[in-house]
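Working notes for the structure below.
Please treat every number below as a calculation from the coordinates, not as lab data. Treat the numbers as computed from the prediction; the structure is a model and nothing was measured. All Cβ positions, even for glycine, are placed from backbone atoms using ideal geometry, and neighbour counts span all protein chains on display.
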Amino acid sequence: SATAQVVHSAGRRFIVSPVPEARLKEQ
Amino acid sequence: AEDTGVRVELNEEDDGKKSSIALKLWVEDAKKLKGKYKDTGAIEFTFDLVNDIPEVVAQEMVESGFFLDSDVKVVGKSIRDRVSLIKWRRERTVSPTG
């Protein structure tokens, strides 16, 4: 899957995943 | 809550017990951000309702390269609004076991 992980120096983990299309605002 | 252009949602069912909860944040309206938003996607992270401070987490996101420094306030506010809602809901939920 297209996920990536960033760990901040303070130890917090951020996982990046695709934004669910259905949850985006209609343009 | 005010529309900040940044959405923060629960990323798991809130059982009302854990202090740490999984959240998911993404940008709905990049025009509301001052800096040029890097189109990274949704950011999943864990937030400790007792010990974490929304503005500090927002700063960590900036330092991790997701947002520019000028957007730390709007990101922090978005997280704070969601966290307040979660806490408010928890206060209203009466434990079935008493």
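A crude spin-label estimate for the pair B:Lys17 and A:Glu21, with each label 7 Å from Cα along the Cβ direction, gives 3.9 nm. Compute the longest continuous run of chain B that contains no exposed GluC sites (Glu not before Pro); treat a site as exposed when its DSSP state is not H, G, I, E or B and it has at most 10 other Cβ atoms within 10 Å. Between exposed loop sites, the widest span is B:14-98.
Treating the protein assembly as shown as a set of equal point scatterers at the Cα positions, no solvent, please give the Debye-formula log₁₀ I(q)/I(0) at q = 0.21 Å⁻¹. Evaluating at q = 0.21 Å⁻¹ gives log10 I(q)/I(0) of -1.29.
Which semi-axes, in whole Å and largest first, does the equivalent ellipsoid of chain B have when worked out from the alpha carbon gyration tensor as the square roots of 5 times its eigenvalues?
Numbers: eigenvalues 141, 32, 25 Å².
Gyration-tensor ellipsoid for chain B: 27, 13, 11 Å.
Taking other residues whose beta carbon is less than 15 angstrom from the beta carbon of B:Lys87, and scoring Lys, Arg as +1 and Asp, Glu as -1, yields +1.
Between helix B:72-92 and chain B there is an angle of about 10 degrees, using the helix long axis and the longest principal axis of the Cα atoms. A helix-only calculation puts chain B at -10500 deg cm²/dmol for mean residue ellipticity at 222 nm, using -39500 (n - 2.57) for each DSSP H run of at least four residues, averaged over all residues. Overall shape: prolate for segment B:3-50, with the ratio a/c of the largest to smallest alpha carbon gyration tensor axis at 1.5 or above and a/b above b/c. Once C-alpha pairs closer than 8 Å and six or more residues apart are averaged by separation and normalised to the residue number of chain B, the relative contact order reads 28 percent. Compared with the dominant Cα axis of chain B, that is its longest principal axis, helix B:54-63 is turned about 40°. Working from label points 7 Å from Cα in the Cα-to-Cβ sense, the B:Leu10 to B:Trp88 distance is 1.5 nm. Here the 3J(HN,Hα) profile of segment B:18-25, calculated from phi with Karplus coefficients 6.51, -1.76 and 1.60 at θ = phi - 60°, is 5, 7, 8, 9, 7, 10, 9, 10 Hz, Gly and Pro shown as x.
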